[in-house]
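Data block below; observations after.
The values are calculated or read from the model by the stated rules, or taken from the named source; none is laboratory data. Owing to the predicted nature of the structure, the values given are computational and were not obtained by experimental measurement. Note that each Cβ is placed from the backbone with ideal geometry, even for glycine, and that neighbours are counted across all protein chains shown. These accessible areas exclude ligands, DNA and RNA; they are computed on the full protein's heavy atoms, side chains included. Shrake-Rupley method; radii C 1.70, N 1.55, O 1.52, S 1.80 Å.
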Amino acid sequence: MNQFHLFPDQASTGATEIDLIFYVLLGLCLLFSVGIALILAYFAVKYRQTNERVNRAGSSKTNVKLEVAWMVIPLVMALAVFVWGARIYVEVETPPEGALEIYVTAKQWMWKTQHAEGVREINALHVPLGRPIRLTMTSQDVVHSFFVPAFRMKQDVVPGRFTTAWFKATKPGRFRLFCAEYCGTDHSKMGGWITVLEPEEYAEWLASKGGANPILPDIGAVGRQSRGVPNPLAAEGEKVFNRRGCNQCHGANASIQAPPLQGLFGREVKLSDGTTVTADEEYVRESILDPRAKIVSGYQPLMPTYQGQVNSEELVQLVAYLKFLSTALQQPRSAEPPQTESPQ
Ligand code: CUA
């Protein structure tokens, strides 16, 4: 296709529709502003004070039909654009089930990425074609922003919390990654490349980098987890879990009563104040660093804070371990990616 290249490549599932709504909005704006400007100029000339040929007597003061039309037609157009835009927004914000998990850590001034298979990259990310990729991101210092123009994807990366984003690449190739939030001296150099590979190439690439058990194209890390094998990231998390003594209260044979963590991730949790919260990355992070912020219903606020004791990489590993605990034991020996909305 030799289309007009105003924008970078369209290389993700979201890109086409986001561009389309942009063009439609641009078209509507042009239509109205040019139309109004032309009519304005025409009337200014035609009805100028010195024009003797215009008959100004008997002109009507109101025209109800016309007035209703210029209110209702733009209202319908604006609502249509709103509904369309809201649907795209929901799509962009909701990662599909079974997405490949990638962890991103930003710092001045580099991007560190880590695959569930344990492979780490700096200022680079290799992903398979045609599979949804879910990014869980945090920053070690200031606010950065993960921006891949070819995917029409931009998400702030914030210290002290996890943000998520997802995309599904539709084109193999190399695409630029930028930091889109001014973050200090070398902000403009903080970037890298996203490399989209065919699934088999991706598996080979992972294996060549020493990634254990390269993902199978259709089963992937999540599928393997469902067979009870932790991925290397989760295995690291298990070590942190034992090293920091989490197992002494949350373990199977613990003497102290703490909320069980198996099957926790992705589930709704009842809190002591009567509200519920979804156990996502952010909830887990907060519960480790500030355990008294949300107390699980039926439990005492006994857990000490781990603020300053676990760093952001260990947090990522702990989150991966909890995810493993939640997928591994629910659906043993299943080749299907597990459905997280069916807690036992
Ligand atoms: Cu990081 Cu700008």
**Request:** Let me know the volume per residue of the alpha-carbon convex hull for the range 94-203, in Å³.
**Result:** 91
**Complete:** Over the chain, the sum of -39500 (n - 2.57) across DSSP H runs of at least four, divided by residue number and rounded to 500 deg cm²/dmol, gives at 222 nm -11500 deg cm²/dmol
**Prompt:** Quick one: if you stick a label point 7 Å off each Cα along the C-beta vector at D290 and D9, how many nm between them?
**Reply:** 4.2
**Asked** Mean separation of Cα pairs under 8 Å and 6+ residues apart, divided by the residue count of the chain: what relative contact order is that in percent?
**Response** 15
**Request:** From the P(r) of the range 136-197, can you give the percent of Cα pairs sitting at distances over 17 Å?
**Result:** 40
**Prompt:** Straight-line reach from K65: which lysines have Cα under 28 Å away, leaving out those fewer than 8 places along the same chain?
**Reply:** K46
**Complete:** Both in Å, the radius of gyration and Dmax of the C-alpha trace of the chain are 27.0, 100
**Message:** Take the residue pairs K107/K294; K270/K323; K154/K270; K107/K323; K189/K323; K168/K239 and return only those whose Cα atoms are more than 27 Å apart.
**Reply:** K107/K294; K154/K270; K189/K323; K168/K239
**Request:** Note the angle between two axes, namely the Cα long axis of helix 232-243 and the longest principal axis of the Cα atoms of the chain, as a number of degrees from 0 to 90, rounded to the nearest 10.
**Result:** 60
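Pick out, in residue order, every one of the trypsin sites (Lys or Arg not before Pro) in the range 40-97 that is DSSP loop and has at most 10 other C-beta atoms within 10 Å; say none if there are none.
Those that pass, being in a loop and sparsely packed, are R48, R53, R56, K61.
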**Message:** Starting from 0.36 nm per residue, how many nanometres of slack lie between K189 and N51 once their C-alpha separation is accounted for?
**Reply:** 43.4 nm
**Prompt:** Tell me, what is the per residue accessible area of the chain in Å², probe radius 1.4 Å?
**Reply:** 57
**Complete:** Length gained if Q140 through L40 is fully extended, taking 0.36 nm per residue and subtracting the Cα-Cα distance, is 30.5 nm
**Complete:** Residue separation between W84 and C29 times 0.36 nm, minus their alpha-carbon distance, gives in nm 18.1 nm
**Prompt:** With all protein chains present, how much of the accessible area of the range 94-161 (probe radius 1.4 Å) comes from carbon and sulfur, to the nearest whole percent?
**Reply:** 52
**Request:** Could you compute the FRET efficiency for V269 and L20, with r as their C-beta to C-beta distance and R0 at 41 Å, rounded to 0.05?
**Result:** 0.55
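Can you tell me the order of 28-34, 11-17, 88-94, 187-193 when each peptide is scored by its average per-residue count of other Cβ atoms within 10 angstrom, highest first?
Listed from highest to lowest mean packing, they are 11-17, 187-193, 88-94, 28-34.
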**Message:** If R₀ is 56 angstrom, what is the calculated FRET efficiency for the pair N311 and I73, using the beta carbon separation as r and rounding to 0.05?
**Reply:** 0.45
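For the chain, what is the percent of antiparallel DSSP beta bridges, rounded to the nearest 5?
Around 70 percent of the beta bridges assigned by DSSP in the chain are antiparallel ones.
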**Request:** Calculate how steeply helix 312-328 sits against the longest principal axis of the alpha-carbon atoms of the chain, using the helix alpha-carbon long axis, and give the answer as 0 to 90 degrees to the nearest 10.
**Result:** 80
**Asked** Local charge sum around G184 (other residues, Cβ-Cβ under 15 Å, Lys/Arg +1, Asp/Glu -1)?
**Response** -1
**Message:** Give me the dipole magnitude in Debye, nearest 20, for the chain about the Cα centre, with unit charges on the beta carbon: positive for Lys and Arg, negative for Asp and Glu.
**Reply:** 920
**Request:** Please list the non-local residues whose amide H lies under 5 Å from the amide H of Q108, H modeled 1.01 Å from N, same-chain partners needing a gap of 5 or more.
**Result:** D141, V142
**Message:** Can you tell me the orientation of helix 13-46 relative to the chain, as the angle in degrees between its alpha-carbon axis and the longest Cα principal axis, to the nearest 10?
**Reply:** 20
